Structures are given as structure tokens and as C-alpha cells.
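For reference, the structure discussed in these notes is given below.
Readers should treat all values here as calculations from the given coordinates under stated rules, not as data from a laboratory. Owing to the predicted nature of the structure, the values given are computational and were not obtained by experimental measurement. Ideal geometry is used to build each Cβ from the backbone, glycine not excepted, and the neighbour counts take in all protein chains shown.
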Amino acid sequence: MEGLIIEIKDLYKSYDSLHVLQGLRLGIKKGETITILGGSGTGKSLLLRLITGLEKPDLGEIRIEGRNIVPLTEHELLPMRRKIGMLFQGGALFDSLSAGENVAYPIREHFHLPEGEIQRIVREKLGLVGLEGIEDNMPAELSGGMKKRVALARAIAIDPEIILYDEPTTGLDPANIKRITHLIVELQKILTATSIVVTHDLDSAYVVTDRLALLHRGRIVMVGTKEEFVSSELQEVKDFVAGEVIEEE
């Protein structure tokens, strides 16, 4: 389909007798923010790992800019991964590295730049998330919200074309949920990347997203705008909005 940066076709993934994805299909438009909603155990985070090539599906295609990444080797995946930044659930900072070195990590992994340029980029990205001057702080010295913002700075360190957010507001207090939600919106304006947000937080999803996709029993059962989602008569959507989702783990 024209205008799609990511196209997922008939994706299947099982772990022994647990069938997580069962024919999932989804198209993601270049430059949009799409939010993947669903109950616990529906495979939302798994979908992000499949898009980055960290896991392989049993069947199906994942096309990024027209190229199917499923059959690619680790070496062949490297150019594609340079285009993707990911905010992991919980932040996943390296405890032994300072905040600045955490942000510098993907830059060092993917590019050969002078040290001064790396430090300039680190300062710039930390500034974008409101954390100027904390380059030398260790993760243990940071609050939960600050850790999440350092992880966000790391996710955007290489100016990715695609940003993946895995439960960006989980474990945060209301003030930090609001701050992270605002940052996702602001960074989208600045970076004009394609963003995929995995969450179960409807309030945050409604603020950040252009479209929402509901994952239920291994498939996307609806994709639409906030208005279409709220007015949907589909029972699965109505149950999710009402908070009556049955966990699938």
C-alpha cells in the first residue's frame, strides 16, 4: 500500500501451545503515531520485538520501507536497526553507565564520530527531554521519571525514522505520566518520525496518537482515529474502553 513505512502481513507467533499472534495484519503510515492497545498477554510488546528483528515470527512478513525483514540475518538487519529507536518498558538503562554514556551507547554502536560530536549529541538529546546537565549522574541517582526520560533520550540519540515506545508510562506517578505523554507529542513534532506506542493507558493514547489499533486474540480487530474508536460498536472495543478486558496470559 502506498504511503506505508511498515506493513505487517499474516503474522503468526506461538510459544509451544501458546498462540500469541494469529494472522496479524497492520499497515503503518510514514510520519504517523499509531498506538497498539490490548490487554496483558495479547502480544503488544512481542510485536515491537518482531519489528526490530529481536525475535522472528513463525509465519508472515514484516516489510519496512518495502523490504521484508523476516528472513534477514543479524548482519543484514543492522542498516534497518539504525533507523529505529526504542524506549523499552522500564527504561532498561545500563546501571554501570552514567546517564550520558547510556545516551551515547547507540551512537557509538552505529556510527564512528569524534568524541566531541558524540558529547554534543548527548547534551542535545538530554536537553530535548528536559535533563540538561545530568550527563555524569548514574541511574541509581535518578528518580523513576528521570530514568524514563534518559531512556527516551537514548531512543532518539541516532535521530531514528521510527520510534517504538513499549509501555512508556508504566510504573510512573500521574505527574510523570503527564510529562512523558507531553514529551512523546513534542518529540513527534520535532523529529517527524513514525511512532508506534504500545500501551494499555487509554488516556495517554488519546493524547499522543493519530490512530489506534486494538490487538485481541492474536489479531488487530480495529484500526481508527480516537473518534472512531470511542464511537465504535465493535464489542471488543467497547469492552476495552469500559475496562472489561480479560487478560490473555
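Figures for the structure shown
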{"item": "Enumeration of residues in region 78-96 that are out of contact with any Leu (no Cβ under 7 Å at 6 or more places or on another chain) and either of a type in the set (Val, Ile, Thr) or surrounded by fewer than 15 Cβ atoms within 10 Å (Cβ to Cβ) (or both)", "result": "78, 79, 90, 92, 94, 95, 96"}
{"item": "Within region 190-217, tally of residues that are within 21 Å of residue 150 (Cβ to Cβ) and not β-branched (Val, Ile, Thr)", "result": "5"}
{"item": "Any hit, region 20-43, residues being surrounded by fewer than 20 Cβ atoms within 10 Å (Cβ to Cβ), more than 18 Å from the chain's Cα centre (by Cα) and in a loop (DSSP other than H, G, I, E, B)", "result": "no"}
{"item": "All positions within region 115-149 that are without any contact (Cβ under 8 Å) to a residue 12 or more places away in the chain and assigned to a helix (DSSP H, G or I)", "result": "115, 116, 117, 120, 124, 127, 141"}
{"item": "Subset of region 62-114 [part of a loop (DSSP other than H, G, I, E, B) and under 21 Å from residue 192 (Cβ atoms)]", "result": "65, 66, 82, 83, 111"}
{"item": "Filter result (hydrophobic (A, V, I, L, M, F, W, C) and touching a Lys or Arg at 6+ places or on another chain (Cβ under 7 Å)) within region 54-72", "result": "70"}
